[in-house]
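The values are calculated or read from the model by the stated rules, or taken from the named source; none is laboratory data. Not measured: the values here are computed from a predicted model. Every residue, glycine as well, gets a Cβ built from its backbone with ideal geometry; the counts of neighbours run over all protein chains shown. Side chains are part of the model used for accessible areas, which takes the heavy atoms of the whole protein and leaves out ligands, DNA and RNA. Shrake-Rupley method; radii C 1.70, N 1.55, O 1.52, S 1.80 Å.
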Amino acid sequence: MQKLLSRLGLTETLSGVGSGTWLPGQGCEVAAVSPINDKPFATVKCAAAREYDQIADQATEAFLKWRMIPAPKRGEIVRRIGLALRQAKEDLGALISLEVGKIRSEAEGEVQEMIDMADFAVGQSRMLYGLTMHSERPGHRMYEQWHPLGPVGVITAFNFPAAVWSWNALIALIAGNTVVWKPSSKALVTAAAIVNIVWKVLRENDLPDGIVNLAAGNRNDVGKRLLQDTRIPLVSATGSVAMGRQVARSVSERLGKTILELGGNNAVIVTKSADPDLAVRAIVFGAVGTAGQRCTTTRRAIIHESVFEALSRSLIQAYQQVRIGDPRKPETLMGPLIDKAAVDRMQDALKVVRNQGGRILYGGKKLSGEIFDAGTYVSPCICEAGPQMPIVGEETFAPILYLIRYSTLDQAIVIHNSVPQGLSSAIFSNDLLEAETFLSCAGSDCGIANVNVGTSGAEIGGAFGGEKQTGGGREAGSDAWKAYMRRQTCTINASGMLPLAQGIRFQVDPQEPT
Ligand code: NAD
């Protein structure tokens, strides 16, 4: 443990506050507890209110310098960050496993996602394109350009403690912004390890402190201040719908910008033409991967009545093969939930499922004995449920999969879209018309819609995010970079005259006496 922390430049008692060098962290102290064994492995000192202010000042000052560095040169710095992340991949993966309980291959996959984001951002740094327009006025030229915004606040959730930061920060950086990161209090050590790697690169390139800042802290000292801070023009927040409401309220109160990446309630529709093996494999990975703690976790399988029984049986058989245990062991497919409170919430939800008429077909038990004594392990659960059950509309952040029958595709789509969230969705079908209907404007209402691909495991090249209560934000690839910049429309007049648009005449003759 000590060796791992030391390789990442950390000690067992560490600060979670700094702008390039660590501040003392005079706010609250948080014990980093591993869900693997429920034991603390580090203590993190968080920001006091005045330390948050110091960091925000640094970020504001550094922005004035960073924005003047040409975007491709900023991209070069991000390229070097990507190289440093490659070197640290194994250690960071091990730390993510320890801190949030992900299996090693998913934890390393998360670091790979950061590396991919760095590569993507490098290319993007040469493609911050604006359009040109033809002016209606003679001798005039119009175009738009994109400028950086300022220090960008990034709030991250526990379940993607590394990748989500990179979706935001690496794009924000090439766009010319500085970054103030408030990580989840359940993943502070990972955040400290990441900024350590980034700071080293910045130092090696003679860049000032304040470009990448870490402000671990509680809601009063950091959370609230960040949301109300007029120095921070954009807050990108990833987490629950409840958190998103608070962020939206506070930031829009001061007319700041937000990017919201909130909860999902993702479904797979399995039609009668689907390849059942493909569907089962995708549903199991989507529902059980990361122990059901992904925003894109498959929470509902909406299955045609003609294949419902057979598919349910196959799913149960597949669930029986899921090896649950220490996520650091290569054979493990499902590790613990993040903490005991998450296990309690799962158990409570299953009581509600029963009360609302649902039937538990498999699993859902809190596990005990040996490693499971940590109190954080469960068996993944399959329930048969009716679409109208209120619990089905909620995101319980645990491996609970609801199986729902349908008879017509129209009905399946209505069921699919009947939840308040709108993140990721999928149809398994070998029927072109079914697939196209699902992808049409009358089909899935989600930000992500897949055909014969499950709901989780998105690639960084696309814009990631969802509709409705998922918040509407988009991050990572495609043109998501635009949200991190301000658009300026410019008109240049080389005509020597001053014609007005829309043919308006407004002329004063300076020779005429008034
Ligand atoms: P959470 O809402 O409890 O916390 C998320 C982050 O918000 C943490 O850093 C937390 O400290 C901070 N926070 C909470 N209230 C705040 C406030 N009032 N002011 C400022 N900061 C505040 O979520 P979690 O349990 O860490 O993560 C799980 C949730 O995140 C799930 O709902 C999941 O679907 C969602 N999530 C969404 C995406 C996405 O891209 N859509 C990605 C990952 C996770």
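Below are the figures for this structure:
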quantity: On Cα atoms only, tilt of 49-66 relative to the major axis of the chain in degrees; calculated: 60
quantity: Theoretical gain in end-to-end length, L439 to S407 [0.36 nm per residue, Cα-Cα removed]; calculated: 9.6 nm
quantity: Packing-based order for 267-273, 73-79, 296-302, using average beta carbon neighbours within 10 Å, highest first; calculated: 296-302, 267-273, 73-79
quantity: Mean projection area, nm², convex hull over Cα of the range 372-514; calculated: 18.7
quantity: Cα centroid separation, the range 7-58 to the range 434-500 (Å); calculated: 35
quantity: Nearest-ten-degree value, helix 340-355 long axis tilted from longest Cα axis of the chain; calculated: 70
quantity: Out-of-range pairs (alpha-carbon distance over 23 Å; input K65/K200; K39/K366; K224/K340; K39/K340; K73/K482); calculated: K224/K340
quantity: Sequence of D339, D206, D344 from largest to smallest accessible area, 1.4 Å probe; calculated: D206, D344, D339
quantity: Efficiency of FRET from Cβ geometry, N430 and L500, R₀ 56 Å, rounded to 0.05; calculated: 0.40
quantity: Crossing angle, helix 276-288 versus the chain [Cα axis fit, 0-90 degrees, rounded to tens]; calculated: 70
quantity: Potential lengthening between D275 and E467 on full extension [0.36 nm per residue; Cα-Cα distance subtracted]; calculated: 66.3 nm
quantity: Area accessible to solvent at R50, 1.4 Å probe radius, in Å²; calculated: 150
quantity: The range 298-329 residues near the modelled E370 label - backbone nitrogen below 13 Å, point 7 Å along Cα→Cβ; calculated: 323-327, 329
quantity: Long-range tail of P(r) for the range 78-214 (Cα pairs > 22 Å, %); calculated: 41
quantity: Principal axis dimensions, the range 266-465 - Cα atoms, whole angstrom, descending; calculated: 51, 40, 29
quantity: Fraction of accessible area attributable to carbon and sulfur, the chain (%, probe 1.4 Å); calculated: 51
quantity: Added length on full extension, which subtracts the Cα-Cα distance from 0.36 nm per residue, R137 to D344; calculated: 67.8 nm
quantity: Rg ratio (alpha-carbon, reference 2.2 N^0.38 Å) - the chain; calculated: 1.06
quantity: Tail beyond 26 Å, pair distance distribution of the range 330-442 (Cα, percent); calculated: 32
quantity: Computed FRET value (nearest 0.05) for E90 with Q321, which takes r as the C-beta separation and R₀ as 30 Å; calculated: 0.65
quantity: Computed E for R219/R354 - FRET, C-beta separation, R0 35 angstrom, nearest 0.05; calculated: 0.55
quantity: Ranking by accessible area, most exposed first, for Y129, Y362 with a 1.4 Å probe; calculated: Y129, Y362
